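These notes concern the structure reproduced below.
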Amino acid sequence: FFSEHVFQDLQAAPGSIHPILQVDAIRFLYTFRNQLVKPQLLSVLPSLANHLTSDNYVCYTYAAISIERILFIRQGTQLMYCRAIHCWEDPI
């Protein structure tokens with residue numbers, strides 16, 4: 001269902017489908033984020049980031065909340081997505 005219906009609505013260009021359909025797709029993703037696999041979640045993050053610039057406040061609010069909740073999904077005691085830590089050494 002996700003791949004055939006929801007993913008298409010998430011990737012649709014602004015104005016090409018009704019905003020309610022896009023918001024519903026984002027809400028679906030938010031609700032069922034724990035049932036989706038990591039590659040599916042990674043594939044929607046760019047689309048969610050694009051929705052952050054939407055003129056529709058419901059759309060960009062749901063997108064922001066969904067991104068946050070996806071990034072804090074845990075597998076056991078570990079986060080599914082770890083932040084990259086960059087360590088720079090001082091030249092001697």
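The values are calculated or read from the model by the stated rules, or taken from the named source; none is laboratory data. These numbers come from a predicted model, not from an experiment. No Cβ is skipped: glycine too gets one built from the backbone with ideal geometry, and neighbour counts run over all protein chains shown. Protein only, heavy atoms only, side chains kept; ligands, DNA and RNA dropped before computing areas. Shrake-Rupley method; radii C 1.70, N 1.55, O 1.52, S 1.80 Å.
Details
- Residue satisfying all of: in the range 1-56; farther than 17 Å from residue 68 by Cα and aliphatic (A, V, I, L, M); surrounded by the most Cβ atoms within 10 Å (Cβ to Cβ) among these: 6
- Scope the range 1-36; condition under 16 Å from residue 52 (Cβ atoms) and either touching a residue at least 40 places away in the same chain (Cβ under 8 Å) or not small (Gly, Ala, Ser) (or both); matching residues: 10, 11, 14, 19, 22, 23, 26, 27, 29, 30
- Close pairs (8 angstrom Cβ cut-off, 6 or more residues apart or separate chains): open to solvent by 100 Å² or more (accessible area, probe 1.4 Å) in the range 65-83, hydrophobic (A, V, I, L, M, F, W, C) and not in a loop (DSSP other than H, G, I, E, B) anywhere: 72/79
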